[in-house]
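Here the structure is laid out as structure tokens; the discussion comes afterwards.
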Amino acid sequence: MNVFQNSDYRIKDNVKIHFDGNIWKYEPELTIKIKEDIPVYTKENVHLLKALTIYLPFWDGEQKIAFFYKYDNQVIGFFNICSHIKVPLDLDDNRFFNVLGNIVCKVHGAQFCPKTGMVLSGPARSPLYKLIVQFNNSNHTLVIKGFYHESFFNSSSGDNTSL
Ligand code: FES
């Protein structure tokens, strides 16, 4: 049986993805027990922070790297795909932030908000793919319901301030 996997986490391929108009939803939602601590975003030396990375199913049927960290006691996650030309943001080192604390693409320098994934400076024009994730502290488990379509934040329904 094929699995979505990296060295630490495996997700069986019975996961389906469907688009409901705004959100790509996993069915069933993904439940991943995390072995290590999730890195905490702090302004100090955040450019050195290494995020937790996990391969997850993407809408194209492939597995893509997603990265996670804690921000204001919430777990935040994005796919490691720059919205400019759809390449990884990092240098394969799991470091996604610049000294200002923004997510930065190492290819052409676009910057994104570390909380919402919204574009702060170009050349990217669309936000990152933000995962809809909850973290259960008691059993150290990530529950991932899906992820936002990149146009979600550009639509009138997209209130990014509450995400
Ligand atoms: S590929 Fe990310 S800014 Fe161009």
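A short reminder: the numbers here are calculations on the coordinates, not readings from a lab. Since we're looking at a predicted model, the values are computed, not measured. Backbone-built Cβ (ideal geometry, glycine too); neighbour counts: all protein chains shown.
General observations
- The range 55-134: trypsin sites (Lys or Arg not before Pro) in DSSP loop, at most 12 other beta carbons within 10 Å: K86, R125
- Of all lysines in the structure, those lying under 23 Å Cα to Cα from K25, and not within fewer than 8 positions of it along the same chain, are K12, K16, K33, K64, K70, K86, K115, K130, K145.
- Footprinting exposure proxy for Y41, Y69 (fewest neighbouring C-beta atoms within 10 Å first): Y41, Y69
- Anisotropy class of the range 3-153 from Cα gyration tensor, a/c 1.5 cut: oblate
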